[in-house]
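Okay, so here's the structure we're looking at.
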Amino acid sequence: MLALIIHHWDTDGITTAALLVRALELGDFKNMTPPIGEFRFDGKIWAAIERADKLYVLDLNLPQEVEKVPVETLFIDHHIQPRIKNPRVRQVNPALEGKHYPSASLVVSEHFGIFNAWSALGAVGDIGEKAFELSRVEELLKGEGLSREDALKLVELIDSNYIVMDRMAVEEALHVLLNYELRELLEYEPWIRRVEAIKEAVEEVMSSVEERNGFAIVDFESPFNIISKVARKLVWEKGYRGAVVVNRNFHGKAQVYFRVSPKEAERISVLTIIGKLRGLGVNAGGKREVIGCICERGKLDEVLSVIDAYLG
Ligand SMILES: [Mn+2]
């Protein structure tokens, strides 16, 4: 009987998996995460599914993949998604009833009636400090002697594994969580080293920012997925009207991130820009104040000239 768990690469996905393992007392299981940053099952995952007797898909908004699984599956999530028609799949998602949950960790906790600090960490991972407004989150952390700062630090440590794009480290993180107390993990060396490497990379990028018309422009090369972190720092902490952050070589592709301040978002239509970028045939998406785009390096100049026109 092989149980296979496929989970999101972030803190919510990993804590949700840990809660499931404890709830079902799974002794023998295998866990995997999709290729980081790609919302799909790759060949490696499909091959593992072939061998599995029971599948668990956690905190992954991949209804199109779950529809195709040939094995009995429990699909636990909190993202808005369609009802699964595949009869082998049991879908547990309060969003289907219009209920909003801040994290999959709280969904799995409620489903199995198992609540601990992992349940709280998943929420802190997904919605940040807003999670502390939930009394349950506060209580669960307190119950294990963890402060808000500890919780934020733990999320930073756990998330460092995917920010450095290390898929194996993400998969290993579940076992680390299962084998150590959270208090101990505040001192867990491999994760601390990753957080430090990320900090160094971000600081180096921050030291080469140029300014134009109140907008920050920065251009670098890094294998780490740090563009959104850098853009947030520039707009939220440094107070720029907006930030154009370019990673010219992210695993062979170019990554562009454009964040504007809430005030500028009234003037600059992010959705229009996304439309124009898609018109270039590149992968672009975003929300009111942010645009993320990944493209072939040869397309970068075209992408930047679209954004350039909005900087005045
Ligand atoms: Mn989540």
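The values are calculated or read from the model by the stated rules, or taken from the named source; none is laboratory data. Quick caveat, the model's predicted, so the values are computed rather than measured. So basically every Cβ, Gly included, is an ideal-geometry build from the backbone, and we count neighbours across all protein chains shown. Heavy atoms of the whole protein, side chains included, go into the accessibility calculation; ligands, DNA and RNA do not. Shrake-Rupley method; radii C 1.70, N 1.55, O 1.52, S 1.80 Å.
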Exercise. Of everything in region 69-114 that's more than 17 Å from residue 55 (Cβ to Cβ) and of a type in the set (Asp, Glu), which residue is farthest from the ligand (Cβ to nearest atom)?
Worked result: 97
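Quick check on residue 310: is it farther than 26 Å from residue 10 by Cβ and either in a strand (DSSP E or B) or modelled with pLDDT under 95 (or both)?
When the stated conditions are applied, residue 310 passes them.
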Exercise. So, of the residues in region 26-53 that are farther than 26 Å from residue 253 by Cβ, at pLDDT 95 or above and not aliphatic (A, V, I, L, M), which turns out to be least open to solvent (accessible area, probe 1.4 Å)?
Worked result: 31
Exercise. Within region 38-49, can one find any residue that is under 30 Å from residue 226 (Cβ atoms), within 16 Å of the ligand (Cβ to nearest atom) and not charged (D, E, K, R)?
Worked result: yes
For this session: Can you confirm whether region 144-152 contains a residue that is among the small types (Gly, Ala, Ser) and away from the ligand (no atom under 16 Å from the Cβ)?
Result: yes
Exercise. So is residue 284 small (Gly, Ala, Ser), open to solvent by less than 70 Å² (accessible area, probe 1.4 Å), under 19 Å from residue 225 (Cα atoms) and at pLDDT 95 or above or not?
Worked result: no
For this session: For region 230-263, enumerate the residues that are charged (D, E, K, R), buried (at least 19 other Cβ atoms within 10 Å of the Cβ) and out of contact with any Gly (no Cβ under 7 Å at 6 or more places or on another chain).
Result: 233
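Yes/no matrix, rows are residues, columns are (1) in the same structural domain as residue 162 (by the TED database); (2) open to solvent by less than 30 Å² (accessible area, probe 1.4 Å); (3) touching a helix residue (DSSP H, G or I) at 6+ places or on another chain (Cβ under 9 Å):
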| position | (1), (2), (3) |
| --- | --- |
| 91 | yes, no, yes |
| 99 | yes, no, no |
| 103 | yes, yes, yes |
| 107 | yes, yes, yes |
| 113 | yes, no, yes |
| 118 | yes, yes, yes |
| 124 | yes, yes, yes |
| 136 | yes, no, yes |
